[in-house]
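Heads up, the thing below is written out as structure tokens.
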Amino acid sequence: MKAFFKKAGVPVLAALALAVLITAVSYLAGGAGLFSSLIGGLLSPVEKLAGNAVSSLERVYGYMHNYDELVRENAELKSRIASMEKEARLSADALRENERLRKLLRLSEKKPDYRYVDASVVSWDASSWASSFVIDKGSRAGLKEGDCVITEDGYVVGLIREVGANTSDVRTVIDSGTAIGALLQDASITAVAEGDFALMTKGCLKLTYVFDNSGVLIGDTVLTSGTCGVYPAGLVIGKVTDLKEDRSGYGAYGVITPSADLKALTQVFIIKYYEADNES
Amino acid sequence: MKAERLASLIKNTALLLALFLLQTGVFSRVRLMGAAPLLLPLFAVGAGLFNGGLHGGLWGLAAGVLCDASMGGTGLLFTVLLTVCGFFAGFLSQFILARGFPSFCVMSVAVLVISALLQLFRFLAFYGADPLSLLLTGLRQTLYSFIFILPVYLCVRRASRPRIKGR
């Protein structure tokens, strides 16, 4: 003991004095801040490194330990997402159909004698020479050749050209074979709305046989006159968007842009019966 | 040999159905100035060119039936036309024409022009439509179809020729 203090007495005393001095200075400088911050500053990178290493190890362990569970959970979540997406799609479809049926209901209130069958558009004619499409209802649904096809807003789409058991071919209003007895809503002028090859490519049809050309104005609404006995009277065909001279230069014709958006058709309604149609 | 034939039959059938679906489902909506392209006549020519007259005629018949089914009012126009074209392309490739892209291109253009003229004639003769509008529609249809000549050629060639090992 004596020998120890002889040998290390001075350094031990110096160390104790230094410790007392640091403690005193720290205390006088505002608590343990200086010393702690010095130690903390030196140790924090090491602590951080150690913490990250532990976290990584934990993650790896957790990943390995819970892998099967995660795979199961992932599959379950994917399945739930697919199911929810399907539901969302169906609900969006149902909403759109609901909207169309609401509009049709409003039309039914105006035209209570009409009896409809709804149908979906299956495919469009692949020919450059015609404008027609196939619907998913045929003679089994009571459809027949010559039935009028409209949208939920009551805009004329076309006419059933051929009927199969479960499908029908619909010729649209812009097809070159179309001819409809027409009436200008504002001026009460009778005319014929007919398909034209040149206009078909632009999605329009022709207003011809206008007995008083001066009465036709751009923006006039063209309705079915009901005179041909195929289309019920008062359905909207479209609006006059241009007036042109025919090739001979003696006559003029109007260009009708159909009110029905033919490119966006997904669901149509076929008028199976209306009052003038006593045979149906 | 039988396996190769069966593989070729399956590949050609798949290609025919794919082209039919493209023609009816996609390009009937994606029109170029109102015109839709004709893909099945190109297949009939290719099938004839690579498989010979008899098989060309049969593939042409199948393509023609599908083509008429996808279009309203054509009657049996394409059934007859594509059968003849398939047979004719095969016959010529067996004796006169080389089985390459230039021959395919020339024959395809010929078939497309004939198809357009026959379709046009119907409207001109029976409906009295404006000849200029009809010609423009025919021209648009032919030009639009022309875009697909090279892709259809590559597909038909791949479907009809047995794959050489090591390539």
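The values are calculated or read from the model by the stated rules, or taken from the named source; none is laboratory data. Quick caveat: nothing in here was measured; it's all calculated off a predicted structure. Cβ coordinates were reconstructed from backbone atoms using ideal geometry, including for glycine residues, and neighbour counts include every protein chain displayed. Just so you know, the surface numbers come from the protein's heavy atoms only, side chains and all, with ligands and any DNA or RNA stripped out. Shrake-Rupley method; radii C 1.70, N 1.55, O 1.52, S 1.80 Å.
Looking across the stretch A:68-112, the residues that are basic (Lys, Arg) and part of a helix (DSSP H, G or I) come down to A:72, A:78, A:80, A:86, A:89, A:96, A:100, A:102, A:103, A:106, A:110. Any residue at all in the stretch B:20-40 that is more than 10 Å from chain A (Cβ to nearest Cβ) and in contact with a Cys (Cβ under 8 Å, 6 or more places away or on another chain)? No, the stretch B:20-40 contains no residue that is more than 10 Å from chain A (Cβ to nearest Cβ) and in contact with a Cys (Cβ under 8 Å, 6 or more places away or on another chain).
Of the residues making up the stretch B:37-56, those that are surrounded by fewer than 24 Cβ atoms within 10 Å (Cβ to Cβ) and either under 8 Å from the mean Cα position of the chain (by Cα) or in a helix (DSSP H, G or I) (or both) are B:53, B:54, B:55.
Considering only residues in the stretch B:95-137 that are more than 11 Å from chain A (Cβ to nearest Cβ), open to solvent by less than 20 Å² (accessible area, probe 1.4 Å) and assigned to a helix (DSSP H, G or I), the one that is farthest from residue B:53 (Cα to Cα) turns out to be B:112. Taking the condition at pLDDT below 70 and of a type in the set (A, V, I, L, M), does residue A:25 pass? Yes, satisfied.
Just one of the listed residues (B:87, B:104, B:146, B:95) is in contact (Cβ under 8 Å) with a residue 40 or more places away in the chain, among the aromatic types (Phe, Trp, Tyr) and more than 21 Å from residue A:130 (Cβ to Cβ), namely B:104.
Selection of the stretch B:57-94 for residues being within 18 Å of residue B:160 (Cα to Cα), among the aromatic types (Phe, Trp, Tyr) and buried (at least 23 other Cβ atoms within 10 Å of the Cβ) yields only B:59. Hey, any hits in the stretch A:117-124 for a residue that's at pLDDT 80 or above and in contact with a Leu (Cβ under 6 Å, 6 or more places away or on another chain)? Taking every residue of the stretch A:117-124 in turn, at least one turns out to be at pLDDT 80 or above and in contact with a Leu (Cβ under 6 Å, 6 or more places away or on another chain).
So that you can scan it fast, the table gives a plain yes or no per residue for (1) open to solvent by 20 Å² or more (accessible area, probe 1.4 Å); (2) modelled with pLDDT under 85; (3) on the phi < 0 side of the Ramachandran plot; (4) aliphatic (A, V, I, L, M):
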residue: A:226; (1), (2), (3), (4): yes, yes, no, no
residue: A:240; (1), (2), (3), (4): no, no, yes, yes
residue: A:250; (1), (2), (3), (4): yes, yes, yes, no
residue: A:259; (1), (2), (3), (4): yes, no, yes, no
residue: A:266; (1), (2), (3), (4): yes, no, yes, no
residue: A:269; (1), (2), (3), (4): no, no, yes, no
residue: A:275; (1), (2), (3), (4): yes, yes, yes, no
residue: A:280; (1), (2), (3), (4): yes, yes, yes, no
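Restricted to the stretch A:113-218, the set of strands (runs of 3 or more DSSP E) holding at least 1 residues that are within 14 Å of another protein chain (Cβ to nearest Cβ), surrounded by fewer than 23 Cβ atoms within 10 Å (Cβ to Cβ) and not aromatic (Phe, Trp, Tyr) comprises A:115-124, A:132-135, A:156-163, A:168-172, A:179-184, A:190-194, A:205-208.
Under the condition of being more than 10 Å from chain A (Cβ to nearest Cβ), at pLDDT below 90 and over 19 Å from residue A:177 (Cβ atoms), the residues counted in the stretch B:65-79 number 1.
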